[in-house]
Amino acid sequence: MKTIHLGFLGFGTVGSGAAQILEQNAQDIETRTESKIRIKSALVRNLDKPRPFAENIAFTDKAETVLEDPEIDIVVEVMGGIEPARTYILEALGRGKNVVTANKDLLALHGEELFNTAKQAGKDLYFEASVAGGIPIIAVLKQSLAANKISALLGIINGTTNYILTAMSEQGRNYAEVLAEAQELGYAESDPSADVDGVDAARKLAILASLAFNSRVTLPDVFVEGIAKITPEDLQYASELGCTVKLLGIAKHLDGGVEVRVHPAFLPKSHPLASVNGVFNAIYVVGDAVGETMFYGKGAGSLPTGSAVVSDIIQVTRNIHTGSTSSINCTCYHNLPLTESQDFTTAYYVRLLVKDEPRVLATLALLFAEANISFASIIQKPRGHEQAEIVLVTHPCREAQLQDALDSVKAYSKTLTVYNVIRFESGI
Ligand code: NAP
Ligand code: HSE
C-alpha cells in the first residue's frame, strides 16, 4: 500500500483538528484511499509549544524542511495570512506538490495566480476549508451543482456576527455586551474587526461568487458594510415587520452582470436562512435546474474545519492514484462585469427621529417622492417631548435614489437624527 506524505504549513486550530481526524479515522481513511496517509513534517513558529495529535510529526521552524522534501506529496497550508503563505504555496506547486489550503484571505486576493500556477504544474489546489468551515460548499459549487446556471447565492458565512445578531435579537441585549461575550466564548477573534466589519464574510463571498458564476471576484470587488450600527431597536422593528436581521453575503447574476455585497439585511422570517441562528453558517443557492438549495453547518472550529481539510486530502490522494490531479482547477471562464453599488436595487428601512409637528411626515414623503421613491409602510412612535421616531419602509429603489433622498432628509430642519438605514433582502 502506498504511503502519501503530508507536509503541514501551520499546526494551530485547523492543523491540529485535521491531525486529530487523520488519527481517529485512520482505518476508514486508509480503506477509502487505499493509502496510508502520514503527516511527515509541520512548519510552526514556536517549536516549544505543546501540541496535541502530534506524535511522529517532525516540527520545524524552517519552511524549506517541508517545501524541499521530495517525499512530500501534499502540502497542507493552514498557517493563514497573505505572506509568506502565498510564496510557500507557489513554491510547493512549482516543486510538483499538490496543495490543500484553508486560507480565505489569500484566495480572495490571489486566487487567479494560485490556480493558474496549479494548472501549469498539473497539480491540485483544493480549498474546501476556506469557506464556511465544515459545510462542503466548494465541492457543491464546483461539482455537485455543475449542471446548473446559478442565479443567486445568499450566505450567513460569519459565525461571530450571526451569534451577536441572534443574541441581540432573542435577548434584547446591546451590541457591545454581546460582542464581549462572543470574544469570551472564543467565537470572535481578540481583534474582531474582520468579523464585525463584514470583511471576513466578504472574503468568503468573493470565493463563492467566483465559483457560482465562473467569473473571478476578488475582495475589493465586494461591497461591505458591517453590523456595528445595529441596535436592539432595529431588531425589534425588524420583528414587527415580519423579518429578522442577518449579516448576509449576497451574490447575484443579473442582466449579464454580477452583484456582490455583504451587509446586514432585513430578511423575511419565512426565508430558510432566517432560522439559522447562533454561530451556525448556511448557504442558500439557486440554480436553474435544481431550484432552491441550502447547506447548513458549523462554519468554524478545529474539527469542522479539519473535516474539510481532511476531505480535500482524501480527494487529492485519490487523484494522485488515478493520475488525475489538476482535473478541476480554475473554473473562472467568464469575465462578467460587476454591478456598481449605486445600481443595487433593494427596499430600505430608514429609522429617524424628527420634530413631532404638522407637515413633517408630509415633507418626508415629498423628499422621498422627489427621489422617485414610494413607501411600502410607515411606523410612527412618540419619543420624549414633541419628538417622534419614524420608520420608513420603501419600495425597491436604486441605491443612488436612496442616497439622494437621505441627503435631503438630513438637510431638513425638522430631522433630528437618522439612526439607521438597512436594506431588505427578499431571498432570491
Ligand atoms: P492558528 O490557530 O493561528 O494557527 C496558525 C498556525 O500557523 C500555527 O501553528 C502557527 O505556529 C503557524 N504559523 C503562522 N504563521 C507562521 C509563520 N510565519 N511561520 C511559521 N508558522 C506560522 O490559525 P487557524 O485558526 O488554525 O487558521 C489557519 C487557517 O485556516 C487560516 O487561513 C484561517 O483563515 C483558516 N480557517 C480557520 C478557521 C477556524 O475555525 N479557525 C475556519 C476556517 C478557515 P505556532 O503554533 O507556533 O504559533
Ligand atoms: N471568524 C470566523 C467566523 C471564523 O466567525 O465565522 C471562520 O472563518
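The values are calculated or read from the model by the stated rules, or taken from the named source; none is laboratory data. Remember, predicted model here, so these are calculated numbers, not experimental data. Cβ coordinates were reconstructed from backbone atoms using ideal geometry, including for glycine residues, and neighbour counts include every protein chain displayed. For the accessible areas, the whole protein counts, side chains as well, though only heavy atoms, and no ligand, DNA or RNA atoms are used. Shrake-Rupley method; radii C 1.70, N 1.55, O 1.52, S 1.80 Å.
With Cβ to Cβ distances under 13 Å as the rule, what net charge do the other residues near Cys397 carry (K, R +1; D, E -1)? Local charge sum for Cys397: -2.
The modelled label-to-label distance for the pair Glu30/Ile378, using points 7 Å beyond Cα in the direction of Cβ, is 7.4 nm.
When only alpha carbons of the chain are considered, Rg and Dmax amount to 24.2, 85 Å. Residue ranking by accessible heavy-atom surface, 1.4 Å probe, largest first, among Cys243, Cys332 comes out as Cys332, Cys243. Pairs exceeding a 28 Å alpha-carbon distance, out of Lys269/Lys355; Lys36/Lys97; Lys229/Lys355: Lys269/Lys355. Multiplying each eigenvalue of the alpha-carbon gyration tensor of region 137-298 by 5 and taking the square root yields semi-axes of 27, 17, 14 Å, largest first, rounded to whole angstroms.
Students often get this wrong, so check it: of Lys49/Lys104; Lys49/Lys204; Lys40/Lys62; Lys119/Lys149, which have C-alpha atoms separated by over 21 Å? Flagged as over cut-off: Lys49/Lys104; Lys49/Lys204; Lys119/Lys149. Taking 0.36 nm per residue of separation and subtracting the current Cα-Cα distance, fully stretching the chain between Ser270 and Lys229 would add 12.3 nm. When peptides 392-398, 183-189, 12-18 are ranked by their average number of other Cβ atoms within 10 Å per residue, the highest-first order is 12-18, 392-398, 183-189. Surface exposure of region 270-404, expressed per residue as accessible area with a 1.4 Å probe, stands at 48 Å². Rolling a 1.4 Å probe over the protein heavy atoms of region 342-424, with every protein chain left in place, gives an accessible area that is 50 percent carbon and sulfur. Think of it as helices only: each DSSP H run of n ≥ 4 in the chain is worth -39500 (n - 2.57), and spread over all residues that comes to -10500 deg cm²/dmol at 222 nm. Stretching Glu113 away from Gln387 to a fully extended chain increases their span by 93.0 nm, per 0.36 nm per residue minus the current alpha-carbon distance. Take the Cα of Glu64, step 7 Å toward its Cβ, do the same at Glu189, and the gap between the two points is 3.1 nm.
Ranked from largest, the principal axis spans of the Cα set of region 342-424 equal 39, 20, 17 Å. For a Förster distance of 56 Å, can you work out the FRET efficiency between the beta-carbons of Thr417 and Thr87, rounded to the nearest 0.05? Calculated value: 0.70.
Accessible surface area normalised per residue over region 145-222 is 36 Å², counting heavy atoms of protein chains with a 1.4 Å rolling probe. Largest GNM mean-square fluctuation across Pro84, Pro264, Pro304, computed for the chain with C-alpha springs under 10 Å, falls on Pro84.
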